[in-house]
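What follows is a short report on a single structure.
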Amino acid sequence: MARPRPVSIDAHVHFWDLQKFKYEWPTEEDGPLFDNFYPCGYEKALVESGCPVRNGIFVQVVNNTVAETDWALDMATRHKCIVGVVGWIDMCGSDDEVDQELERLSKNPLFLGLRHILDLEEPGWIEKKEVKRTLGRLEKLNLTYDLLLRPHSLHYATEIAQEFPDLRLIIDHIAKPKIKEGEFDSWAKDMSRAASCPNVYVKLSGIVTEADPTSWKPSDLKPYVQHCVKSFGAHRCIFGSDYPVFKVVGATYKQVYNALMECLLDCTTDEERGAIFGENAVRFYQVKVPLQE
């Protein structure tokens with residue numbers, strides 16, 4: 001019997017329409033990012049890259065409206081390369097509001113879970129009782145939560161994972177370590193602590209933008225990527241391109257993909273890399289729609 005072709009998923013993709021929604025980011029200062037990005041551009045980038053990736057998961061950009069989630073879900077129905085949506089709701093809403101929104105969104109098989117941009121909130125936002133209540137609802141509904149953290153807030157991953165042991169959590173962008181500055185030890189310690197919780201995964205994404213924007217190379221990223229693999233195991237590491245954010249440092253999709261592959265070559269097997277670039281995302285997000293080959 002022929003071995004099935006491995007799946008390929010990019011677990012961190014963004015689209016935005018600057019005329020449709022009020023974004024706090026990106027701004028004009030973000031140069032090439034201050035433009036509209038849609039699935040058709042993403043599909044073109046995949047083809048031009050020559051990489052084997054054919055499927056992407058949209059991740060929220062706007063904190064202040066559930067309309068972005070509905071917009072992304074609608075686009076996903078028209079672009080088969082988008083196989084899931086990590087959206088947003090008001091996690092501080094009333095019990096009824098949260099329940100109604102989650103019930104409504106969960107009827108769509110493309111809806112996978114939630115994310116909230118913590119950088120736009122006061123410190124400690126994630127500790128609010130209303131937020132914790134919503135995390136509990138996600139846990140009961142078997143949905144996911146993307147943790148967008150920084151090194152100084154990485155400790156929240158462990159705290160939330162221990163409080164909600166059945167909630168599938170994933171740390172976006174390996175918590176944005178300061179690669180350009182060479183900061184490693186404190187980040188690595190907190191990442192290892194988070195990895196001790198079996199319900200926490202890590203997204204190998206958004207890394208090139210933390211290195212030197214003019215001279216980054218895969219070897220700069222390697223210690224951080226390999227620490228994640230060592231701490232979480234290859235079975236809890238997931239690839240994400242962070243399209244189109246990598247454009248801010250002049251990178252291409254192919255460069256991002258190849259850089260991660262180079263970081264993984266001497267610390268993972270072929271089978272493990274196949275899982276990192278696809279199968280782990282299917283398992284973590286429980287992707288329900290057919291995948292593109």
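The values are calculated or read from the model by the stated rules, or taken from the named source; none is laboratory data. This one's a predicted model, so the numbers in the text were calculated from it and none came from an experiment. FYI the Cβ positions are ideal-geometry reconstructions off the backbone, even for glycines, and counts take in every protein chain you see.
Being closer than 24 Å to Lys288 by Cα and among the aliphatic types (A, V, I, L, M) is true for just one of Val131, Val83. Which residue is that?
Just one listed residue meets the conditions, Val83.
Rundown of residues vs (1) modelled with pLDDT of 95 or more; (2) assigned to a strand (DSSP E or B); (3) buried (at least 21 other Cβ atoms within 10 Å of the Cβ); (4) hydrophobic (A, V, I, L, M, F, W, C), yes/no style:
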{"residue": "Pro123", "(1), (2), (3), (4)": "no, no, no, no"}
{"residue": "Thr134", "(1), (2), (3), (4)": "yes, no, yes, no"}
{"residue": "Gln162", "(1), (2), (3), (4)": "yes, no, no, no"}
{"residue": "Ile170", "(1), (2), (3), (4)": "yes, yes, yes, yes"}
{"residue": "Ile174", "(1), (2), (3), (4)": "yes, no, yes, yes"}
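Quick one: in region 262-278, which of the residues that are more than 18 Å from Ile82 (Cβ to Cβ) and out of contact with any helix residue (DSSP H, G or I) (no Cβ under 7 Å at 6 or more places or on another chain) is surrounded by the most Cβ atoms within 10 Å (Cβ to Cβ)?
Restricting to residues being more than 18 Å from Ile82 (Cβ to Cβ) and out of contact with any helix residue (DSSP H, G or I) (no Cβ under 7 Å at 6 or more places or on another chain), the top hit is Gly274.
Can you give me the number of residues within region 157-184 that are of a type in the set (A, V, I, L, M, F, W, C) and closer than 15 Å to Val131 by Cα?
6
In region 134-162, what residues are of a type in the set (D, E, K, R) and more than 30 Å from Pro290 (Cβ to Cβ)?
Arg150, Glu159
Taking Gly182 and the conditions (1) closer than 30 Å to Asp99 by Cα; (2) in a loop (DSSP other than H, G, I, E, B), which numbered condition does it fall short on, given that it satisfies the others?
(1)
Restricting region 46-88 to residues that are more than 16 Å from the chain's Cα centre (by Cα) and surrounded by 21 or more Cβ atoms within 10 Å (Cβ to Cβ), which is farthest from Val256 (Cα to Cα)?
Only one residue tops the list, namely Glu68.
For residues in region 212-251 being touching a residue at least 60 places away in the same chain (Cβ under 8 Å) and part of a helix (DSSP H, G or I), which is nearest to Glu48 (Cα to Cα)?
Checking each candidate, the answer is Lys247.
Please find, among Leu105, Leu118, the residue that is within 17 Å of the chain's Cα centre (by Cα) and surrounded by 15 or more Cβ atoms within 10 Å (Cβ to Cβ).
It is Leu118.
Any residue in region 29-52 that's without any contact (Cβ under 8 Å) to a residue 24 or more places away in the chain: show its pairings with residues that are of a type in the set (A, V, I, L, M, F, W, C) at Cβ separation under 6 Å, as long as the two are six or more apart or on different chains.
Here the result reads Asn36/Leu18, each pair linking region 29-52 to a residue that is of a type in the set (A, V, I, L, M, F, W, C).
Looking only at region 1-25, count every residue that is surrounded by 13 or more Cβ atoms within 10 Å (Cβ to Cβ), more than 17 Å from the chain's Cα centre (by Cα) and within 27 Å of Phe277 (Cα to Cα) and tell me the total.
Residues that pass the stated criteria total 2.
Just checking, does region 207-224 include any residue being modelled with pLDDT of 95 or more, of a type outside the set (D, E, K, R) and touching a strand residue (DSSP E or B) at 6+ places or on another chain (Cβ under 8 Å)?
No, region 207-224 has no match at all.
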